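Working notes, structure below.
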Amino acid sequence: MRNLKLLRTLELRDIYAPGKLQCFSLRTQQGTVLIGSEHGILEVDIAAREVKNEISLVAKGFLPEDGSGCIVGIQDLLDQESVCAATASGDVILCNLSTHQASTSDRWHIYNLKPKLILICRQTLIMMTRDFEPIMEQQIHQGDFGESKFITIGWGKKETQFHGSEGRQAAFQVHMPEAALPWDDHKPRISWRGDGQFFAVSVVCPETGARKIRVWNREFALQSTSEPVAGLGPSLAWKPSGSLIASTQDKPNQQDVVFFEKNGLLHGHFTLPFLKDEVKVNDLLWNADSSVLAVWLEDLQEEDSSTLKSYVQLWTMGNYHWYLKQCLPFSSSGKSQIVSLLWDPVMPYRLHVLCQGWHYLCYDWDWTTDRSSGDNCSDLANVAVIDGNRLLVTVFRQTVIPPPMCTYRLLFPHPVNQVMFFAQPEKCNDLAVLDASNQISVYKCGDNSSVDPTVKLGAVGGNGFKVPLRIPHLQKRYKIPFDNSEDQEVNPLKFSLFTWIEEDIFLAISHSQSSPQSVIYQLTVASCEIDEEQGQLSVSSSVTVDGVIINSCCSPKSKSLALQLADGQILKYLWESPLAVKPWKNPDGFPVRFPYLCTQIEVAVIGGEECVLGLTDRCRFFINDTEVASNITSFAVYDDFLLLTTHSHTCQCFSLKDASLKTLQAGLCSSQVAHGEVLRKVERGSRIVTVVPQDAKLILQMPRGNLEVVHHRALVLAQIRKWLDKLMFKEAFECMRKLRINLNLIHDHNPKVFLENVETFIKQIDSVNHINLFFTELKEEDVTKTMYPPPGTNCVQLSKDSDGKKLDLICDAMRAAMEKINPHKYCLSILTSHVKKTTPELEVVLQKVHELQGNVPSAPEAVTAEEALKYLLLLVDVNELYDHSLGTYDFDLVLMVAEKSQKDPKEYLPFLNTLKKMETNYQKFTIDKHLKRYEKAIGHLSKCGPEYFPECLNLIKDKGLYKEALKLFLPGSQQYQAVSIAYGEHLMQEHLHEAAGLVFARCGAHEKALSAFLACGSWQQALCVAAQLCLTKDQLAGLGRTLAGKLVEQRKHSEAAIVLEQYAQDYEEAVLLLLEGAAWDEALRLVYKYNRMDIIETNVKPSILEAQKNYMAFLDSQTASFIRHKNRLLVVRELKEQAQQVYLDDVSHGPDTDLFSETSSVMSGSEMSGKYSHSNSRISARSSKNRRKAERKKHSLKEGSPLEDLALLEALSEVVQSTERMKDEVHSILKVLFLFEFDEQGKELQKAFENSLQLMERAYPEIWTLTCQQSSATPVLGPNSTANSITASYQQQKMAAPLLDAEMFIPPKIDRRSQWKLSLLE
């Protein structure tokens, strides 16, 4: 659905040379045109607008002086700096452009220089080299079909077919071929395929007089002959892509352009928009990329026709339909008569036209999509497609119609060349059309009851159908002014890039004939006195711009026009002040200049700044003068969004509201696959056609021409958010329901606003089914943080509401609103709100259904109890609903639910009958026990009387409901004591002895409490209970010794000493225990308390000296272990570094560096760690003893073990930590050593401990250094990286420590503020 847009026109009129023009050719690399006349050859520099070379063939004797000579063709020989020219007399002349020398060969009749010289002489094909040496010859007329002759076995023969009313004799009729057309010049035509492997020749058969097309390969082997075609014309053009050969055919009532396959069979056609014998086709020309076919036609001489015209038509194909996109009318006489035309071989959409009077024209076209540019729902999303004198308009807001069909078509008296929609958003559906006669037809949408004959309905029409569509009507046609009629005849496309900016103002661009300048015209509607039906446009103002304007884009908000010059510079034209043309500047204040010419430009607001977006024909995308991507195939700006399609078959959508140039560039250049709502996959080759405003429909067109409608998630969510902000809940709900957007977004977008406007939501939805659908999709998840994060958030967070009560809040708020609005109408929705709560309120639901059964409402919208129950069974499992109804203890409700279920009455009726015979509390107990609601069951059973207490106690023990049961009985009662004793015994079985003792003590079971406290070692509680039992002195002493023994086992020597001294009255044993536990101060207190000085000499001093020796021995052992492990660690690290260096050298210099494999690497610590961790996966299921054994095996201190360095680090850390823990003990013993005058021993211990600490502190930097190495072992990537450097970096990272052992690399802390030293010993 694209049209050809004229970018610029280059016109040369000031070439003054003698003679009459006859042909021309291009020198694309030099940018010059070779023109042949009756006097010679001229080379014209297009850019400089001057004659560069002139070779007179008359002076050299190659052409006659009387002007009767004719050059029929020119070809540039780039490698020889020469030009090859062929004359009508048969001479082939080689002219050197540098020396101006010329030479000739024998006489031939026609030539073609691709890729070898093909000449035709006396009905013979002759192949020659560029030096005019014949290679081979072949007769042009052949009786054979060719090498590709069809093979048939008789199936489908004409003689066997049914011929209808013609009868059987039609099968044997012989159709004589028709002679060539009357205006046929009977000259042969040659056309090469693009790859130069085949060429086609169109010749008139001397026997029949009809034209035939034969296909030859480059070795002069005939491949095929075309089937007989009546009225075949002389024009011939082989499509460069190689699929079709174009020619023309005169039919009884029309003239067609027909296509042949390489095998000679017809393959499609299209009809030219002329009557029979009205025009003749002079030539057919394909452009370089085979997308456009140029047809050069000329009016045939008629008696009543005084002015004859010639036409250049540009045809394209889409979805198997041929469209006439451009029509250029020229005069067939005078200066505007076309001599020849050529497509540029480099620029696919550049057409060169040469006219008489030394007039040269060059047109540059490119593709564009003509669409309306509104931003609200009034924009119908119109897209206009040019098709000759018809304009096909498709209204995508109401229907999607694939081309070539359309919603409606506008009919014109002349072919259409350009379409422009009104730039103002409020009237964006109005359009103006420029046709080939340089008239602008204005169509406006509005309420017009009259039938416009120029508007015809397309695919939406038909009998009996009412079309809900605003169809435009023709308001008026306006004639474009020209300085003189000659301008229009010489250059039919003088004006280009039309823009409709105001109701009566158009902007147009014209290019200067004599200099690289452009003029911007403001065309204003003027009154016309001659014809009231046809208006006139007058030039109200004009601005001359230095440079050639090739593209433009309108910005209605700023009332400006962005203009792109041929050098890439962007200008801003403000139409309110016509003389204001200034450079477009970026946010930094510098002029914007595209590095490459952009065929499509748009204006968009990015981050509050107005920017120019451009896309080149090479898929390079620019924002201002910055290239942000190089794989963009199409783009469109809609509202605050930028949509792009890429070569990777994706459609990306970016929000421009809070975006910046850097964020867009990062998003487009990211190699990672985007997630969320930014990107979606599309079909290969998709291009953007348009976006339907406020409908989120994105129309894409495939390469073949068919359409696809997608709803891009970003557009959909943006529109939904806008609707929700405006409290347009119905529109948002319908869109979300249709496009499967999670309905939680209605609440999660703005929970506070939604809860405040619940009534508005219900009134707008106004559908019980839709409200129930909303309820069923509710969940605690906040979808704005998981599924649909707002634009600008980089990460997806999984979170819920702070209280986790989102469902309850919504259900309660909506239920209250529905009960207020109409409780009868929304009865089912109210029931749904109870069911969807975090804890479903099924009992409340059943009670409401039961109420409906008793009270039938009279409201017409009310539902019956039967309907409500049926609906409820859809939401809740029938068995669950039956159980909840049974839990209400209402047998009528139970029977009502059971009757609607699939249950067999034999299953539930006996059970219900049995329940009805029971006492009320026992009945409820039985129901709760059946429903496994044991907490309620023991509550009802406790009310049944003492005779049921054993059953209750058994249920309490069986289900472990001790805490709940204690709340049911009064403290001090027998039942309370029995439950407490059972609870305590249960805790004893669970080895919770202290808790059991407390329970026993609370209920008065002191003996059991004492046993529990003894088992757990709670000596204070045990002695308290013993006092309540009134034990004798001997029993109390025995109890104290028992407790002391248990405390000594737990290494609680101080507590054991207290028990022995205070309860067993054995202070001597207490002192011994204190000395054993190194509690020197407490031991001395007891000695002096009981005045036993002898114990100091007999026990205290020997214990102190013995402890000092043990400390010294321990310090010596720790110091020796530390030194040994440290030295070994340094050796292991050195060995590993050497092994790593050897490995890296092998990788960098080995012969198979490129075939490097990690399997050849040295076994590093991390790899071995992975190995052992893998084996441990089988060990993990075994006993803890085996696991500890596996851990010891993993970190082995054995020399040469794979993780020896980690084991050494672990051992060194344990030595430091054990030494650090001795500070308090050393300080305590130093005090008593000084007290009893053991100064030497104290100084020795203090000095040894200080030396050990200093040794360890000094060794810290040597031992714990891997932290820095681990952080630096990250892969080195970047533009300067090589395969070897990256491999080495990864290997270095692999040799670093495993993550599971990372804590080993953290050095143990040393508390330097601890005051352990005794200054008295210094």
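The values are calculated or read from the model by the stated rules, or taken from the named source; none is laboratory data. Note that the structure is predicted; figures quoted are calculated from it, not measured. In this analysis, Cβ positions are derived from the backbone assuming ideal geometry, glycine residues included, and neighbour counts consider all displayed protein chains. Ligands, DNA and RNA are excluded from the accessible area calculation, which covers all protein heavy atoms including side chains. Shrake-Rupley method; radii C 1.70, N 1.55, O 1.52, S 1.80 Å.
Summary table
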quantity	calculated
Any hit, the stretch 331-343, residues being open to solvent by less than 20 Å² (accessible area, probe 1.4 Å), within 41 Å of the chain's Cα centre (by Cα) and closer than 30 Å to residue 368 by Cβ	no
Residue within the stretch 533-547 that is touching a Ser or Thr at 6+ places or on another chain (Cβ under 8 Å), without any contact (Cβ under 8 Å) to a residue 60 or more places away in the chain, surrounded by 14 or more Cβ atoms within 10 Å (Cβ to Cβ) and on the phi > 0 side of the Ramachandran plot present	yes
Qualifying residue in the stretch 217-224 (condition: without any contact (Cβ under 8 Å) to a residue 40 or more places away in the chain, surrounded by fewer than 22 Cβ atoms within 10 Å (Cβ to Cβ), in contact with a Phe, Trp or Tyr (Cβ under 9 Å, 6 or more places away or on another chain) and not acidic (Asp, Glu))	yes
Condition check for residue 648: out of contact with any Ser or Thr (no Cβ under 8 Å at 6 or more places or on another chain) and surrounded by fewer than 19 Cβ atoms within 10 Å (Cβ to Cβ)	yes
Complete set of residues in the stretch 818-843 that are in a helix (DSSP H, G or I) and surrounded by fewer than 16 Cβ atoms within 10 Å (Cβ to Cβ)	819, 820, 821, 843
The stretch 560-588, residues that are among the basic types (Lys, Arg) and more than 19 Å from residue 613 (Cβ to Cβ)	582
Test: residue in the stretch 911-922 that is of a type outside the set (Lys, Arg) and open to solvent by less than 30 Å² (accessible area, probe 1.4 Å)	yes
Test: residue in the stretch 82-90 that is open to solvent by 70 Å² or more (accessible area, probe 1.4 Å), modelled with pLDDT of 80 or more and touching a strand residue (DSSP E or B) at 6+ places or on another chain (Cβ under 9 Å)	no
Qualifying positions in the stretch 1224-1245 - open to solvent by 10 Å² or more (accessible area, probe 1.4 Å) and in contact (Cβ under 8 Å) with a residue 60 or more places away in the chain	1224, 1225, 1227, 1228, 1231, 1234, 1236, 1238, 1239, 1241, 1243, 1244
Scan of the stretch 493-532 for residues that are open to solvent by 20 Å² or more (accessible area, probe 1.4 Å), not in a strand (DSSP E or B) and not hydroxyl-bearing (Ser, Thr, Tyr), ordered by number	494, 503, 504, 513, 516, 528, 529, 530, 531, 532
Some residue of the stretch 654-668 being more than 20 Å from residue 707 (Cβ to Cβ), among the polar types (S, T, N, Q), part of a loop (DSSP other than H, G, I, E, B) and modelled with pLDDT of 90 or more	no
Looking only at the stretch 25-45, and only at residues there that are in contact (Cβ under 8 Å) with a residue 60 or more places away in the chain and part of a strand (DSSP E or B), the one that is farthest from residue 553 (Cα to Cα)	35
Qualifying residue in the stretch 282-305 (condition: within 26 Å of residue 391 (Cβ to Cβ), open to solvent by 50 Å² or more (accessible area, probe 1.4 Å) and either among the polar types (S, T, N, Q) or in a strand (DSSP E or B) (or both))	no
Only one of 242, 264, 268 that is over 18 Å from residue 331 (Cβ atoms), outside any loop (DSSP other than H, G, I, E, B) and either open to solvent by 40 Å² or more (accessible area, probe 1.4 Å) or not basic (Lys, Arg) (or both)	268
Residue list for the stretch 46-56, filter: open to solvent by 80 Å² or more (accessible area, probe 1.4 Å) and assigned to a strand (DSSP E or B)	50, 52, 54
Count of residues meeting criterion [surrounded by 20 or more Cβ atoms within 10 Å (Cβ to Cβ) and either assigned to a helix (DSSP H, G or I) or among the basic types (Lys, Arg) (or both)] in the stretch 746-757	4
Residues located in the stretch 271-281, provided they are part of a loop (DSSP other than H, G, I, E, B) and either aliphatic (A, V, I, L, M) or closer than 30 Å to residue 2 by Cβ (or both)	272, 273, 274, 275, 278
Top-ranked residue of the stretch 57-80 - restricted to ones that are at pLDDT below 85 and polar (S, T, N, Q), ranked as most open to solvent (accessible area, probe 1.4 Å)	68
Of residues in the stretch 223-242 being among the hydrophobic types (A, V, I, L, M, F, W, C) and more than 10 Å from residue 200 (Cα to Cα), the one modelled with the highest pLDDT	232
Segments classed as helices (runs of 4 or more DSSP H), wholly inside the stretch 1052-1152, with at least 2 members that are open to solvent by less than 40 Å² (accessible area, probe 1.4 Å) and among the hydroxyl-bearing types (Ser, Thr, Tyr)	1101-1149
All positions within the stretch 424-442 that are in a loop (DSSP other than H, G, I, E, B) and over 29 Å from residue 312 (Cα atoms)	424, 428, 429, 430
Residues of the stretch 5-24 that turn out to be at negative phi and assigned to a loop (DSSP other than H, G, I, E, B), as a count	7
Criterion (open to solvent by 20 Å² or more (accessible area, probe 1.4 Å) and aromatic (Phe, Trp, Tyr)) met by exactly one of 654, 733	654
Of all residues in the stretch 405-416 being touching a residue at least 60 places away in the same chain (Cβ under 8 Å) and open to solvent by 10 Å² or more (accessible area, probe 1.4 Å), the one that is nearest to residue 1 (Cα to Cα)	415
Qualifying residue in the stretch 967-983 (condition: of a type in the set (Val, Ile, Thr), part of a helix (DSSP H, G or I) and under 30 Å from residue 939 (Cβ atoms))	yes
Residue within the stretch 685-702 that is touching a residue at least 12 places away in the same chain (Cβ under 8 Å), in contact with a strand residue (DSSP E or B) (Cβ under 8 Å, 6 or more places away or on another chain) and more than 28 Å from residue 425 (Cα to Cα) present	yes
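Residues checked against (1) at pLDDT 50 or above; (2) over 22 Å from residue 1252 (Cβ atoms); (3) open to solvent by 20 Å² or more (accessible area, probe 1.4 Å):
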{"site": "1159", "(1), (2), (3)": "no, yes, yes"}
{"site": "1199", "(1), (2), (3)": "yes, yes, yes"}
{"site": "1211", "(1), (2), (3)": "yes, no, no"}
{"site": "1215", "(1), (2), (3)": "yes, no, no"}
